[in-house]
Every structure is written in structure tokens, then in C-alpha cells.
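Below you'll find the structure, written out as C-alpha cells, and then a few comments.
The values are calculated or read from the model by the stated rules, or taken from the named source; none is laboratory data. Quick caveat: nothing in here was measured; it's all calculated off a predicted structure. Cβ atoms come from the backbone with ideal geometry, glycine included; neighbour counts cover every protein chain shown. The protein model used for the area step is the full one, side chains on, heavy atoms only, and it has no ligands, DNA or RNA in it. Shrake-Rupley method; radii C 1.70, N 1.55, O 1.52, S 1.80 Å.
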Amino acid sequence: MRMTLAVHTRQYSIHSFPPSAPIPSEVFAEEVYFICKTEEGLTLVVPSELALDSLEQETNWSCLEVLGPLGFSLTGILSKIASTLADVQISIFALSSFDTDYILVKKDRLQNAITALKKAGYKIIESK
């Protein structure tokens with residue numbers, strides 16, 4: 001099965017907050033955002049245009065979306081993508097939703113990631 005990944009045109013930032021921090025209300029107005037809360041902290045991934053007052057932030061991430069939906073019985077999808085990118089020294093920040101996976105790579109490594117993924121047989125398209 002040939003997987004297709006869509007490159008989002010927007011850039012994303014990854015923010016770190018204390019675990020007790022409230023989620024800024026403006027996050028919920030965004031079309032795409034990710035929230036992860038643990039005992040250690042609160043992590044928000046939002047479009048870079050949204051400025052948040054976080055403890056730390058990592059900016060300039062590009063997003064590759066695995067076009068789905070992906071069934072829960074499918075195995076190794078994220079692992080194969082991560083391995084392909086690790087082989088060319090590209091770090092990732094991986095996220096999953098109920099339907100699919102998202103792989104964030106630094107903007108300055110995006111073209112190298114696309115080249116490596118195409119070489120490995122992935123189809124890459126531009127998304128919204």
C-alpha cells in the first residue's frame with residue numbers, strides 16, 4: 001500500500017506550560033491544534049502565527065499529514081516514516097489523532113524530508 005502524505009502550508013510552534021496552566025482560549029479558534037497534558041506539563045502545538053506566553057517554545061515546524069483515515073489494525077506506519085527520516089538525520093515530533101498521524105519536521109529540513117520520503121516510495125502532496 002502506497003501511503004500519501006500532505007504537507008501543510010502553515011508553520012507550527014510547540015509550546016510548553018506548567019501542568020496547572022489554563023489553555024488559552026484563542027487556541028480553540030484555530031483550525032488545527034494539538035493538546036497534551038501530563039503530570040509533568042502541558043504541551044500545545046499551534047500555528048506559529050498564534051503568539052502564546054509559554055515557558056518554552058520551539059518554532060518553525062512544518063507538518064506532514066498521513067492521509068487517512070487509518071484503521072487501528074494498521075501497524076508500523078509511523079515507525080516506517082520515523083525510520084526513513086532518522087536514516088537521513090531528521091528529527092521529528094510525532095502526533096496522532098483518532099484518524100491519522102502527523103509528523104512535524106523543522107522547516108529547514110522539510111525539503112530533505114520530502115526527498116527521503118519520496119525515495120522510500122511515499123507520495124507527497126500539498127495540503128491546505
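Some observations on this one:
- Considering only 56, 39, 30, the Gaussian network model of the chain with Cα springs below 10 Å gives its largest mean-square fluctuation to 39.
- Of the listed residues 93, 34, 28, the order by accessible area with a 1.4 Å probe, largest first, is 28, 93, 34.
- With respect to the chain, whose longest principal axis is taken over its alpha-carbon atoms, helix 77-86 is tilted by about 90°.
- Whole-percent carbon and sulfur share, accessible surface of the chain, 1.4 Å: 52 percent
- Distance between the 7 Å Cα→Cβ label points at residue 83 and residue 120: 0.9 nm.
- Relative to its residue count, the chain spans a Cα convex hull of 118 Å³ per residue.
- Entry comment: accessible area of the chain is 59 Å² per residue, from protein heavy atoms only and a probe of 1.4 Å.
- Seen against the Cα atoms of the chain and their longest principal axis, helix 110-119 is set at about 30 degrees.
- Largest GNM mean-square fluctuation across 46, 27, 88, computed for the chain with C-alpha springs under 10 Å, falls on 88.
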